[in-house]
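Worksheet: one structure, shown below.
The values are calculated or read from the model by the stated rules, or taken from the named source; none is laboratory data. If you're wondering where the values come from, they're calculated on a predicted model, not measured in any experiment. Heads up, the Cβs are rebuilt from the backbone with ideal geometry, glycines too, and the neighbour counts pull from every protein chain shown. Side chains are part of the model used for accessible areas, which takes the heavy atoms of the whole protein and leaves out ligands, DNA and RNA. Shrake-Rupley method; radii C 1.70, N 1.55, O 1.52, S 1.80 Å.
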Amino acid sequence: QVQLVESGGGLVQPGGSLKLSCAASGSIFNIPTMGWYRQAPGKQRELVAIVTAGGTTNYADSVKGRFTISKNNAKNTVDLQMNNLKPEDTAVYYCYIRTPASSSWGQGTQVTVSS
């Protein structure tokens, strides 16, 4: 079983920045895939950014150039630096981890971009 603890959400004005952090603990015996998804009201959950076990990084087109994901394999943590935030980035952000044995989601952290 793997547990995820997220932090860093909040309210920010358009053009502002936030950093989300996620720490994984539990039965992690290999380098995992870790990333962030988000779900806005009335919409499906979507990929924001992810780093695979092999080190490949993928971003949603809507966040390329504004968001940066970083994963620490030694600590099993993943951060999401979000710059130049827009109102359409408002959503609940979920941390995600996948190992050969299982996958897990964090509890979600609210990000609201509003003036």
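What to note about this one:
- Net charge in the neighbourhood of residue 4 (other residues with Cβ under 14 Å of its Cβ; Lys, Arg +1, Asp, Glu -1) is +1.
- The residue 7 and residue 47 beta-carbon pair, evaluated with R₀ = 25 Å, returns a calculated FRET efficiency of approximately 0.75.
- Carbon and sulfur %, accessible surface of the chain computed with the full protein complex present, 1.4 Å: 47
- For the chain, a crude dipole built from +1 on the beta carbon of Lys and Arg and -1 on the beta carbon of Asp and Glu, taken about the Cα centre, is about 80 debye to the nearest 20.
- As a length-normalised measure over Cα pairs under 8 Å and 6 or more apart, the relative contact order of the chain settles at 37 percent.
- Per DSSP, loop chymotrypsin sites (Phe, Trp or Tyr not before Pro) in the stretch 1-99 with at most 13 further Cβ within 10 Å: 29
- Ordered by 1.4 Å accessible area with all protein chains kept, 68, 33 run largest first as 68, 33.
- Neighbourhood charge, 12 Å Cβ-Cβ cut-off, centred on residue 88 and excluding it, Lys, Arg +1 and Asp, Glu -1: +2
- Rounded accessible area of residue 61 (nearest 10 Å², 1.4 Å probe): 130
- Accessible surface ranking that places the most exposed of 75, 64 first, with a 1.4 angstrom probe: 75, 64
- Computed with a 1.4 Å probe over protein heavy atoms only, the accessible surface of the stretch 2-115 comes to 51 Å² per residue.
- For the stretch 46-85, the ratio of Cα radius of gyration to the globular rule of thumb 2.2 N^0.38 Å stands at 1.16.
- Convex hull per residue volume in Å³, alpha carbons only, for the chain: 91
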